[in-house]
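The values are calculated or read from the model by the stated rules, or taken from the named source; none is laboratory data. Just so it is clear, the model here is predicted, and its values are computed rather than measured. Here the Cβ is made from the backbone with ideal geometry for all residues, glycine too, and neighbour counts use every protein chain on show. Surface areas here come from the heavy atoms of the whole protein model, side chains and all, with no ligands, DNA or RNA. Shrake-Rupley method; radii C 1.70, N 1.55, O 1.52, S 1.80 Å.
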Amino acid sequence: MTDSFIPLNYNPPDDEAVVKSAQAFRERMNTRRSVRLFSSRQVPVQVIESVIMTAASAPSGANKQPWTFCLIGDPVIKEKIREAAEKEEYENYHGRMSDEWLKDLEKFKTDWHKEFLTEAPWLIVLFKKAYDVSKNESRAKNYYVNESVGIAAGFLIAAIHMAGLVTLTHTPSPMNFLQHILGRPENERPFLLLPVGYPAEGVTVPDINRKSIDEVLVRY
Ligand code: IYR
């Protein structure tokens, strides 16, 4: 790491170009949907490496980049993760989630079965680093860890979509089993699990709406 400054590699676009790119990106991103049924079609590993490195380009508190991306293609590990996730989710759907929560989820038709954890060709488990550990075992602070990793997750989801693949944000709860199955160190905590691949043929998604501009934007 250096404390010198370098020129920003940037060519100012004209207004027309800015309007066009913002609109085009909005339209592309608006076609993104969470998909829960995956095709068994394989995805080249370099595609996944690219989307992960897009995510890893996210801004972070003091540029500490407090994340680790675990990439799982091994069917045996996927099966282990599915088994552990379904065990927790079974408990969630049979008593741990409130009636209000279950009702809110009805329209998504989710349940404790997590087929996508073995069907999707790749699983990405995003870990947040609560702190860093240097070679001599001393601890170094990270800042705004949740915000930083949340932003990286957003980059990742956008990159997956722009590549032409689908994903969903799966948050099994509790998810410390991921730390054990993947053998991650104590300073790393599971943050999000994303199955990545192509959608199953003929897949349907819930008919839901996005809030309008007047519901989400307040002008001053
Ligand atoms: N973690 C559970 C339940 C769940 C919770 C929310 I909030 C969702 O938007 C969807 C599912 C599961 O993965 O099924």
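At a glance:
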item	result
Residue-wise HN-Hα coupling along the stretch 75-83, computed from phi with Karplus coefficients 6.51, -1.76, 1.60 (Hz; x: Gly, Pro)	x, 5, 5, 4, 4, 4, 5, 4, 4
Unsatisfied cross-links (Cα-Cα over 18 Å) in the set 103/211; 80/107; 87/114; 80/128	103/211; 80/107; 80/128
Residue 142 long-range amide H proximity, modeled H, under 5 Å	132
Carbon plus sulfur fraction of accessible area for the stretch 105-220, probe 1.4 Å, in percent	52 percent
Cβ-Cβ FRET estimate between residue 205 and residue 179, R0 fixed at 25 Å, reported to 0.05	0.20
Paired Rg and Dmax values of the chain, which use every Cα atom, in angstrom	19.5, 57
Cα-based equivalent ellipsoid of the stretch 97-220: semi-axis lengths in Å, sorted from largest, via gyration tensor	29, 21, 17
Residues whose placed amide H lies under 5 Å from that of residue 192, excluding near-sequence neighbours	126
Expected 222 nm ellipticity per residue - DSSP helices of 4 or more, -39500 (n - 2.57), all of the chain, to 500	-11000 deg cm²/dmol
Segments 104-110, 44-50 sorted - mean Cβ within 10 Å per residue, highest first	44-50, 104-110
Karplus-derived HN-Hα couplings along the stretch 22-39 (A = 6.51, B = -1.76, C = 1.60, θ = phi - 60°), whole Hz, x at Gly and Pro	4, 5, 5, 5, 4, 5, 5, 5, 6, 8, 6, 9, 6, 10, 10, 10, 10, 7
